[in-house]
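Chemist: Have a look at this one.
The values are calculated or read from the model by the stated rules, or taken from the named source; none is laboratory data. Model, not experiment: these values are computed from the prediction. Note: ideal-geometry Cβ built from the backbone for every residue, glycine included; neighbour counts use all protein chains shown. Surface areas here come from the heavy atoms of the whole protein model, side chains and all, with no ligands, DNA or RNA. Shrake-Rupley method; radii C 1.70, N 1.55, O 1.52, S 1.80 Å.
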Amino acid sequence: MSDEAENPGTETAGQGQSWSVRIIDLSGASEGDTVEVVKDFMDLMHANAYARAYVRDSIERCRVPGATSREVLESWMAFGENAEVVDAGDDGWKSSTELDDFVANRATPMERDWRAIDPRRLVDDDEIAGPPDDDEDDEDDENTHEVIRH
């Protein structure tokens, strides 16, 4: 079995690369440590931004009023979730590079909004455009309303 078959996502960007982010349960409550793998990011930058926002949100959910940075970090390590970009190597975002800043400073709502960039929620141009117009069929004329201006 080739290395590429064992590790999908090892192709270089622009050659069919599909980035994924692994969500990791730090509590040990789930079997294994991976809770889920989120797939189909547009590019590495998108996957990195998602992983960063996901961890930022997880840390904020572990923050309680009056907690010190150390207490926030301990809570996150015990109950939070980490995220890592699969097969990104040194180019992938790593929580360890920003943990100190994250626990010391509250995140803004925008910094923790991973849902807004979740590839499972993104739509393509065809979905935005809606169904194609069919000028040959005038069956919908009864549902068309004319705007009358005085």
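Chemist: Does the range 83-99 hold any residues that are assigned to a strand (DSSP E or B) and either open to solvent by 60 Å² or more (accessible area, probe 1.4 Å) or over 13 Å from VAL55 (Cα atoms) (or both), and which are they? Break it down into steps so the answer makes sense when it comes.
Modeler: So in the range 83-99, the residues assigned to a strand (DSSP E or B) come out as 83-85.
Listed by number, the list holds a single entry, GLU84.
Chemist: Residue by residue through the range 100-128, note down the ones that are over 12 Å from the mean Cα position of the chain (by Cα), of a type in the set (A, V, I, L, M) and either at pLDDT 95 or above or assigned to a loop (DSSP other than H, G, I, E, B) (or both).
Modeler: Residues satisfying the conditions are VAL103, ALA104, ALA107, MET110, VAL123.
Chemist: Let me ask you something else. Between a residue in the range 106-123 that is touching a residue at least 40 places away in the same chain (Cβ under 8 Å) and farther than 13 Å from ARG61 by Cβ and any residue that is open to solvent by 100 Å² or more (accessible area, probe 1.4 Å) and of a type in the set (Lys, Arg), which pairs come within a Cβ distance under 8 Å, given they are 6 or more apart or on different chains?
Modeler: PRO119/LYS39
Chemist: Just the residues that are out of contact with any helix residue (DSSP H, G or I) (no Cβ under 8 Å at 6 or more places or on another chain) and assigned to a strand (DSSP E or B), please, taken from the range 23-54.
Modeler: ILE24, ASP25, THR34, VAL35, GLU36, VAL37, LYS39, ASP40
Chemist: I need the full set of residues from the range 30-62 which are hydrophobic (A, V, I, L, M, F, W, C), over 11 Å from the mean Cα position of the chain (by Cα) and open to solvent by less than 50 Å² (accessible area, probe 1.4 Å), in order please.
Modeler: Within the range 30-62, LEU44, ILE59, CYS62 meet the criteria.
Chemist: Given the conditions (1) of a type outside the set (A, V, I, L, M); (2) at pLDDT below 95; (3) within 15 Å of ILE24 (Cβ to Cβ); (4) in contact with a helix residue (DSSP H, G or I) (Cβ under 9 Å, 6 or more places away or on another chain), and given that SER96 satisfies all but one, which numbered condition is not satisfied?
Modeler: With (1) of a type outside the set (A, V, I, L, M); (2) at pLDDT below 95; (3) within 15 Å of ILE24 (Cβ to Cβ); (4) in contact with a helix residue (DSSP H, G or I) (Cβ under 9 Å, 6 or more places away or on another chain) applied to SER96, the lone miss is (4).
Chemist: Moving on to the next point. Out of the range 55-76, which residues are out of contact with any Cys (no Cβ under 9 Å at 6 or more places or on another chain) and either in contact (Cβ under 8 Å) with a residue 40 or more places away in the chain or part of a loop (DSSP other than H, G, I, E, B) (or both)?
Modeler: Selection gives VAL55, ARG56, ASP57, ILE59, GLU60, ARG63, VAL64, PRO65, GLY66, ALA67, THR68.
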